[in-house]
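Have a look at the structure below, then the notes.
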Amino acid sequence: EKALLELSKKREFLQDLAPVIWHSIGTISALLQEIISIYPLLSPSTMTTALSNRACNVLGLLQCVAAHSETRSAFLKANIPLFLYPFLNTI
């Protein structure tokens, strides 16, 4: 949890963070597992503040990967945005 917070805080200052996240074995998988674990808590919303912060940190790191010119194409080809649709469906 602390690592997610620290990486999320530094994502704007570390220009090569996105490629490091993308190319590090198991990192994207771990981020997706975090996202998927939140699904049952979305409707009805039963998330605690801590879980919400954790989800936001993961989403921020995925956004970093999606926005980087070196990783954007691979991110889209891997269909990772499909994992984010449940978050768009909440009210």
Practice prompt. Hey, can you tell me all the residues within region 39-52 that are over 18 Å from Ser8 (Cα atoms) and in a helix (DSSP H, G or I)?
Written response: Tyr39, Pro40, Leu41
Worksheet entry | In region 3-49, residue surrounded by the most Cβ atoms within 10 Å (Cβ to Cβ) [restricted to those that are at pLDDT 90 or above and of a type in the set (Asp, Glu)] | Glu34
Worksheet item: How many of the residues in region 1-37 are assigned to a helix (DSSP H, G or I), in contact (Cβ under 8 Å) with a residue 24 or more places away in the chain and of a type outside the set (Asp, Glu)?
Response: 14
Item to complete: Give the residues of region 53-80 that are open to solvent by 40 Å² or more (accessible area, probe 1.4 Å) and not in a loop (DSSP other than H, G, I, E, B), sorted by residue number.
Response: Asn53, Arg54, Cys56, Leu59, Gln63, Ala67, Arg72, Ser73, Leu76, Lys77
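The values are calculated or read from the model by the stated rules, or taken from the named source; none is laboratory data. Small disclaimer: the values here were computed from a predicted structure and weren't measured. So basically every Cβ, Gly included, is an ideal-geometry build from the backbone, and we count neighbours across all protein chains shown. Each accessible area value is taken on the protein alone, full model and side chains, heavy atoms only, with ligands, DNA and RNA left out. Shrake-Rupley method; radii C 1.70, N 1.55, O 1.52, S 1.80 Å.
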